[in-house]
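Visitor: Can you read through this structure? Questions will come right after.
The values are calculated or read from the model by the stated rules, or taken from the named source; none is laboratory data. Model, not experiment: these values are computed from the prediction. Counting neighbours? That spans all protein chains shown, and the Cβs are built from the backbone with ideal geometry, glycine included. Side chains included, ligands, DNA and RNA excluded: accessible areas come from the protein's heavy atoms. Shrake-Rupley method; radii C 1.70, N 1.55, O 1.52, S 1.80 Å.
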Amino acid sequence: MAHFITFLLVLSLSLTFSLLPETASAQLRQNYYAKTCPNVESIVRNAVTQKFRQTFVTVPATIRLFFHDSGDGFDTVIKAKQAVDAVPSCRNKVSCADILAMATRDVIALSGGPSYTVELGRLDGLSSTAASVNGKLPHPDFNLNQLNSMFAAHGLTQTDMIALSAAHTVGFSHCSKFSNRIYNFNRQSAVDPTLNRAYATQLQQMCPKNVDPRIAINMDPNTPRAFDNVYYKNLQQGKGLFTSDQVLFADKRSRPVVNAWAANSNTFNSAFITAITKLGRVGVKTGRNGNIRRNCDAFN
């Protein structure tokens, strides 16, 4: 997964858990706020739904924040935090990291994906530096070995990685993230031969060589506003936007899983729930390693 380097990277990574080193073994549980803020999940869901109705960007942005970073997703967390803290008994009782985990589940469900139970009990980070991020986010040009290595370092399997890659079924990317695949792939071929030819031509039309760097296109050319298994069907057709997407089908080691999930959405949904639950346990902060932020966009 990758390609989501946008805004507030350092700050947002400090409050989430992402693919960064684990700082503590957390005792997460589903009913963590049962006594302190029993209605927290419905409060967050209502706030997220309101934001979703304002702009669909809420969906990919929030998912990307859970994985890596995103400005609009950060705004969703801030609004949900304000809604939670508006309830006197909940004020300063629920972490921004937990709100993000719940909001991610909610936007996935709102866009047609599976709903699932979220484990809670995270604390927010006390500090963060750019150096702590460098080299810990996957790159759009990664091959299967590189993807597997990065995810395995955090207890995530190849199957988990393939499932989490489906986050690219919603959202958009700037042309610069994949321009090498359509203009300057290698000495033998200007266009990546694993790209569907018609799709490559379409990408060239949407992203000419001197394109405005602010231009962005849908990552899923078929159902960009639905969280679904069409992502895998696209890979079968050579329509993975990034090298790190298409390699999941191009490499014979991962192709069987892509084929299975392209054919069965229920199987994919089950695997995705397993993977995102495991991702939510990575790098969780507890005890002295964290606190509950009064404001999600600032350290206490």
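Visitor: In this structure, does Arg293 turn out to be part of a loop (DSSP other than H, G, I, E, B) and outside the structural domain of Cys175 (by the TED database)?
Guide: Working: part of a loop (DSSP other than H, G, I, E, B): yes; outside the structural domain of Cys175 (by the TED database): yes.
Answer is yes for this residue.
Visitor: Answer yes or no as to whether Arg255 is in contact with a Phe, Trp or Tyr (Cβ under 8 Å, 6 or more places away or on another chain) and modelled with pLDDT of 95 or more. Don't jump to the end; show me each part of the working.
Guide: On the way: in contact with a Phe, Trp or Tyr (Cβ under 8 Å, 6 or more places away or on another chain): yes; modelled with pLDDT of 95 or more: yes.
The answer is yes for Arg255.
Visitor: Among the listed residues Phe66, Phe52, which satisfies the condition of being surrounded by 15 or more Cβ atoms within 10 Å (Cβ to Cβ), under 16 Å from Gly121 (Cα atoms), of a type outside the set (D, E, K, R) and in contact (Cβ under 8 Å) with a residue 12 or more places away in the chain? If you could, list the steps in order and put the result at the bottom.
Guide: Values: Phe52 fails: under 16 Å from Gly121 (Cα atoms).
The conditions single out Phe66.
Visitor: For Thr16, work out the one condition from (1) at pLDDT below 95; (2) buried (at least 20 other Cβ atoms within 10 Å of the Cβ); (3) over 15 Å from the mean Cα position of the chain (by Cα) it doesn't fulfil.
Guide: (3)
Visitor: Right, next: Looking at the structure I just gave you, is Gly290 at positive phi, surrounded by 17 or more Cβ atoms within 10 Å (Cβ to Cβ) and not basic (Lys, Arg)?
Guide: Working: at positive phi: no; surrounded by 17 or more Cβ atoms within 10 Å (Cβ to Cβ): yes; not basic (Lys, Arg): yes.
So Gly290 fails the test.
For (1) within 15 Å of Leu241 (Cα to Cα); (2) modelled with pLDDT of 95 or more, each residue gets a yes or a no:
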residue	(1), (2)
Ser149	no, yes
Thr159	no, yes
Ala163	no, yes
Gly171	yes, no
Ile182	yes, yes
Pro193	yes, yes
Ala198	yes, yes
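Visitor: Given the conditions (1) within 22 Å of Asp160 (Cβ to Cβ); (2) surrounded by 21 or more Cβ atoms within 10 Å (Cβ to Cβ); (3) modelled with pLDDT of 80 or more, and given that Ala47 satisfies all but one, which numbered condition is not satisfied?
Guide: All conditions pass for Ala47, except number (1).
Visitor: Of all residues in segment 214-263 being in contact with a Gly (Cβ under 9 Å, 6 or more places away or on another chain) and under 15 Å from Gln158 (Cβ atoms), which is least open to solvent (accessible area, probe 1.4 Å)?
Guide: Leu248
Visitor: Taking Thr286 as the residue in question, decide whether it is at pLDDT 95 or above and within 30 Å of Val94 (Cβ to Cβ).
Guide: On the way: at pLDDT 95 or above: no; within 30 Å of Val94 (Cβ to Cβ): yes.
Considered against the rule, which asks whether it is at pLDDT 95 or above and within 30 Å of Val94 (Cβ to Cβ), Thr286 comes out as no.
Visitor: What number of residues within segment 235-269 are within 21 Å of Asn148 (Cβ to Cβ) and either touching an Asp or Glu at 6+ places or on another chain (Cβ under 6 Å) or assigned to a helix (DSSP H, G or I) (or both)?
Guide: Taking segment 235-269 first, the residues within 21 Å of Asn148 (Cβ to Cβ) are 235-236, 240-262, 267-268.
Subset that is either touching an Asp or Glu at 6+ places or on another chain (Cβ under 6 Å) or assigned to a helix (DSSP H, G or I) (or both): 235-236, 243-250, 255-262, 267-268.
Matching residues across segment 235-269 total 20.
Visitor: Here is a further query. Quick one: in segment 86-98, which of the residues that are hydrophobic (A, V, I, L, M, F, W, C) and not in a loop (DSSP other than H, G, I, E, B) is nearest to Phe272 (Cα to Cα)?
Guide: Keep residues of segment 86-98 that are hydrophobic (A, V, I, L, M, F, W, C), which gives 86-87, 90, 94, 96-97.
The next check asks that each one be not in a loop (DSSP other than H, G, I, E, B); those that pass are 90, 96-97.
Details: Cys90: 30, Cys96: 23, Ala97: 20 Å.
Only one residue fits best here, namely Ala97.
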